Amino acid sequence: MRQSPGNSNFETITPKILYFGNPIALITSINEDETPNLAPISSFWALGWTMTLGLLSETKTLENLAKRPECVVNIPSPDMWRQVEALAPLTGRNPVPEHKRAKFHFEKDKFAAGSFTPLTSEAVRPPRIKECPVQLEAIARSIHNLVGEPRLHKLGGAASVEVEVLRVHVRRDFILKDHYIDPAKWQPLIYNFRHYFGLGKELGSTFRAEV
């Protein structure tokens, strides 16, 4: 194959993060005293009814899932970004991990801090978040520590958590028909290089789209 010559339109860089438009989720889990913990994450993806959550090692969420594997993956809409941001500088770890102390502080009641309302789940102990239009009840099936990433080591390490989705709850006005979600109405909150965005207008659909 013939290669194109170098192009001055491109530059090789080393960005601190690689969030090229990631959706945000709010994970609820159960603390050792049976109270709920609530934390935003910006690294997760789904394949079938399995989801992979990317979590830093020194987080209360990962600690909880290792001991009590039930959780709810709550997906906020773009209008909720200020509530999500209210949780950003908070941690459920007490004492706060040393590398976080300059920017984070401990908060026991994150539902109150983010002005969220707990909603009883059907299949797991952690509550859902009433304000989130999509709530996925799940259980952690495996935890894989990520190695060989020096940038993450500076943050105490990280892990990928595979969870099995048990229940899917969607706000009625986002349901098109039967079990389909209306993509023209539903939009996730997107984390784009540490800035919050929604989606733009639809560009088209894949050949596999059924509705």
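The values are calculated or read from the model by the stated rules, or taken from the named source; none is laboratory data. All values reported here derive from a predicted model rather than from experimental measurement. Here the Cβ is made from the backbone with ideal geometry for all residues, glycine too, and neighbour counts use every protein chain on show.
Okay, here's what the table says:
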{"item": "Residues being part of a loop (DSSP other than H, G, I, E, B), of a type outside the set (Lys, Arg) and surrounded by 13 or more Cβ atoms within 10 Å (Cβ to Cβ) - total across region 118-132", "result": "6"}
{"item": "Subset of region 19-35 that is aliphatic (A, V, I, L, M) and outside any loop (DSSP other than H, G, I, E, B) - its residue that is farthest from the chain's Cα centre (by Cα)", "result": "Ile30"}
{"item": "Subset of region 12-45 [free of Cβ contacts under 8 Å to residues at least 40 places away in the same chain and in contact with a strand residue (DSSP E or B) (Cβ under 6 Å, 6 or more places away or on another chain)]", "result": "Ile41, Ser43, Phe44, Trp45"}
{"item": "Residue in region 91-117 that is nearest to Leu189 (Cα to Cα), counting only those that are loosely packed, with under 15 Cβ neighbours inside 10 Å and among the small types (Gly, Ala, Ser)", "result": "Ser115"}
{"item": "Residue pairs meeting the criteria (Cβ under 8 Å; at least 6 apart or on separate chains; first closer than 19 Å to Leu53 by Cβ, in region 145-173; second charged (D, E, K, R) and at pLDDT below 95)", "result": "Arg151/Lys16; Leu155/Glu58; Gly156/Glu58; Gly157/Glu58; Ala158/Glu149"}
{"item": "Boolean, Leu47 is crowded, with 20+ Cβ neighbours inside 10 Å, modelled with pLDDT of 95 or more and under 16 Å from the mean Cα position of the chain (by Cα)", "result": "no"}
{"item": "Members of region 69-122 found to be of a type in the set (Asp, Glu) and touching a helix residue (DSSP H, G or I) at 6+ places or on another chain (Cβ under 6 Å), listed by number", "result": "Glu107"}
{"item": "Leading residue by the ranking (surrounded by the fewest Cβ atoms within 10 Å (Cβ to Cβ)) among those in region 61-81 that are modelled with pLDDT under 95 and in contact with a strand residue (DSSP E or B) (Cβ under 8 Å, 6 or more places away or on another chain)", "result": "Pro78"}
